[in-house]
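The values are calculated or read from the model by the stated rules, or taken from the named source; none is laboratory data. Everything numeric here is computed off the predicted structure, so don't read it as measured data. FYI the Cβ positions are ideal-geometry reconstructions off the backbone, even for glycines, and counts take in every protein chain you see. Each accessible area value is taken on the protein alone, full model and side chains, heavy atoms only, with ligands, DNA and RNA left out. Shrake-Rupley method; radii C 1.70, N 1.55, O 1.52, S 1.80 Å.
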Amino acid sequence: MSIVADADGLPRCPWAGDDALYRHYHDREWGRPVTNDTRLFEKICLEGFQSGLSWITILRKRERFREVFHGFDIAKVAAMTDEDVERLLQDTGIIRHRGKINATINNAKRALELQKEFGSLAAYFWRFETRAEHRPDDLSWASLRLLGQTDASRALSKDLRKRGFNFVGPTTCYAFMQAMGLVNDHMEGCFCRDEVEAERNALVRPA
């Protein structure tokens, strides 16, 4: 599968398809570097909910996820109780999976620990940015489809799990890294690729 210009004349990565919500996500969010702790926490949680599902399923439910998890305010999620878990298991607007709901609350507590240790989640996550020399020369659809995980995502997954995070396997971590701009996986020819690269080049990495 190759880059094809859509009806609006813009060439996109083929995974964006023709769903308006998915296309907007591809155009305006995916791959653009993020250093906001709330957004980073939200994404690592939602990638965990995606496990075994498609991202479009999660994307369509994202606003409800934000409502029930207090806008992914880390401290508020960390304070959620067993009663909150039971309530969320009845909410048809989200993915009703006890393990993933519990993991989100647990991961909020672990995120608070990371903030205390590193100053911010951003400072922690951006330590795992994929190095340029570890990127494939060919950024075609065929080569990118094979990148389900990388050395960097395996390192991030291993470290997160060591720190007590759940639902953060290396494939989940790589999807998180792709979405949050720790790597630019827009295909060659996609109109977003150069825009994203310019944003990454201009970014002051958190420290």
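Selection within the stretch 153-207: residues that are part of a helix (DSSP H, G or I), over 22 Å from K109 (Cβ atoms) and of a type in the set (D, E). The member of this set that is most open to solvent (accessible area, probe 1.4 Å) is D194. Taken over the stretch 75-105, the criterion of being farther than 26 Å from I56 by Cβ, surrounded by 15 or more Cβ atoms within 10 Å (Cβ to Cβ) and either within 18 Å of the chain's Cα centre (by Cα) or among the charged types (D, E, K, R) (or both) is satisfied by D84 alone.
Name the single residue that is surrounded by the fewest Cβ atoms within 10 Å (Cβ to Cβ) among those in the stretch 107-133 being in a helix (DSSP H, G or I), out of contact with any helix residue (DSSP H, G or I) (no Cβ under 6 Å at 6 or more places or on another chain) and charged (D, E, K, R). Step by step, filter the stretch 107-133, then rank; the result is E133.
Restricting the first residue to the stretch 30-59 and requiring it to be at pLDDT below 95, which pairs with a second residue that is among the polar types (S, T, N, Q) meet a Cβ separation below 9 Å and a spacing of at least six or different chains? Short answer, once both residue conditions are applied: S51/T171; S51/T172. Checking each residue in the stretch 80-96 for being in contact with a helix residue (DSSP H, G or I) (Cβ under 8 Å, 6 or more places away or on another chain), part of a loop (DSSP other than H, G, I, E, B) and within 29 Å of S120 (Cα to Cα) picks out M80, I94, I95. Condition test on T104, is it outside any helix (DSSP H, G or I) and either among the hydroxyl-bearing types (S, T, Y) or at pLDDT 95 or above (or both)? In short, no. Of all residue pairs spaced 6 or more apart or on separate chains, none has beta-carbon atoms under 8 Å together with a first member in the stretch 186-202 that is over 11 Å from W30 (Cβ atoms) and without any contact (Cβ under 8 Å) to a residue 60 or more places away in the chain and a second member that is among the aromatic types (F, W, Y) and in a helix (DSSP H, G or I).
Inspection of the stretch 47-66 identifies no residue that is assigned to a loop (DSSP other than H, G, I, E, B), surrounded by 12 or more Cβ atoms within 10 Å (Cβ to Cβ), more than 17 Å from the chain's Cα centre (by Cα) and not aliphatic (A, V, I, L, M). Among the residues of the stretch 20-36, those identified as over 16 Å from E197 (Cβ atoms) and buried (at least 18 other Cβ atoms within 10 Å of the Cβ) are Y22, T35.
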